[in-house]
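Peer 1: My questions will all concern the structure given below.
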Amino acid sequence: MNKRGQIYLLMAIIFGFVIYTLAVNVNTAKKTDPDKDFILISENYDKEGEKFLNSLIRVQFDENFVKNGFNDFTGKFTSYSKTIDPGFGFIYFYDYSDRENRKLIVGNHLDQEILVWYNEDNKVSILGCKTSIRAGYSFGELGSATSFDFADIVSSCSDTVTILDPGDDIYDINYIVGNIKYTSSILEGVPEIVILSEERNEQERRVYTNHKFKKGESGINDLRSYCALVGSQPFICDCTIRKNENECSINDLCDWDDQIGCVDNG
């Protein structure tokens, strides 16, 4: 091989190495750390939630006003969090009442229903409204108690659970997502966020609550007993309302049949 050929070969090797290096750097730059995102969002929620609730209560401590204001804040926070990681979904808890009349606001900002209860005999099914909330709010826009932009949008995915004599300022609330049951500790007057990664694959669902990652336990029997008690309804128990395979796969009581559609698998 002459010198000119050797030079061309050397340049080709160098050029190929540069292209490979750039490709690796680009791919590496796109990687994120989901654990850090969980923690960042949770810390931001604690900071802005406390600030917002203090400003809300100073304006007016009325049940409807607090509920509308809190729902609006959670809507704005979900909009903000979508800018960080659109794959995360959220459940919110806030015990805002006095000891003689404890009430817990629950907001479901997932893309599926949940079942929530403090007392086994009083389970509540709540729709999710994640898809109704657009991304775009910034961190600095969360603390306003003067304009309720999201209150109407998220009213369909929130409910109030009465807490009868918990016996302590801290108590546990149970909830089922899909067929997995989780528990979060609730402190009176302090809002709590539950962050879930909503990947539908064989990987274990990630849940971050009470400032730590948690594993759930099988909850499908709780869900079946609830559905048997209340009968079919257009919420978490009714497979027939699910129009496609994706909607059907959200609920672990349901299976998709190519001929029939979404059916109960019991």
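The values are calculated or read from the model by the stated rules, or taken from the named source; none is laboratory data. Please read all numbers here as calculations on a predicted model, not as lab measurements. Note that we place each Cβ from the backbone using ideal geometry, even for glycine, and neighbour counts take in every protein chain shown.
Peer 1: Might you let me know whether segment 79-90 holds any residue that is buried (at least 21 other Cβ atoms within 10 Å of the Cβ), at pLDDT 80 or above and of a type in the set (Lys, Arg)?
Peer 2: Checked segment 79-90: no residue is buried (at least 21 other Cβ atoms within 10 Å of the Cβ), at pLDDT 80 or above and of a type in the set (Lys, Arg).
Peer 1: Among the residues of segment 185-220, which ones are among the hydroxyl-bearing types (Ser, Thr, Tyr) and either modelled with pLDDT under 80 or surrounded by fewer than 19 Cβ atoms within 10 Å (Cβ to Cβ) (or both)? Don't jump to the end; show me each part of the working.
Peer 2: Step one: filter segment 185-220 for residues among the hydroxyl-bearing types (Ser, Thr, Tyr), giving 185, 197, 208-209, 218.
Correct list: Ser185, Ser197, Ser218.
Peer 1: How about segment 91-111: which of its residues are at pLDDT 80 or above, part of a loop (DSSP other than H, G, I, E, B) and surrounded by fewer than 20 Cβ atoms within 10 Å (Cβ to Cβ)?
Peer 2: Asp111
Peer 1: Six or more apart or on different chains, Cβ atoms under 7 Å: show the pairs whose first residue is in segment 214-234 and not assigned by TED's automatic domain parsing to the domain that holds Asn122 and whose second is surrounded by fewer than 13 Cβ atoms within 10 Å (Cβ to Cβ) and at pLDDT below 85.
Peer 2: Listed by first residue and then by second, the contacts come to Arg224/Gly266.
Peer 1: Let me ask another. Name the residue, out of Asp149, Asp159, Asp121, that is modelled with pLDDT under 80 and either aliphatic (A, V, I, L, M) or at negative phi (or both). Working first, answer last.
Peer 2: Details: Asp159 fails: modelled with pLDDT under 80; Asp121 fails: modelled with pLDDT under 80.
Result: Asp149 is the single residue among Asp149, Asp159, Asp121 that is modelled with pLDDT under 80 and either aliphatic (A, V, I, L, M) or at negative phi (or both).
Peer 1: Out of Leu229, Leu223, which single residue is part of a helix (DSSP H, G or I) and surrounded by 19 or more Cβ atoms within 10 Å (Cβ to Cβ)?
Peer 2: Working: Leu229 fails: surrounded by 19 or more Cβ atoms within 10 Å (Cβ to Cβ).
Exactly one residue qualifies, and that residue is Leu223.
Peer 1: Determine the pairs where a residue that is closer than 13 Å to Phe93 by Cβ, located within segment 147-166, has a partner that is among the acidic types (Asp, Glu) and at pLDDT 85 or above with Cβ atoms under 7 Å apart, the partner being 6 or more residues away or on another chain.
Peer 2: Ile163/Asp95
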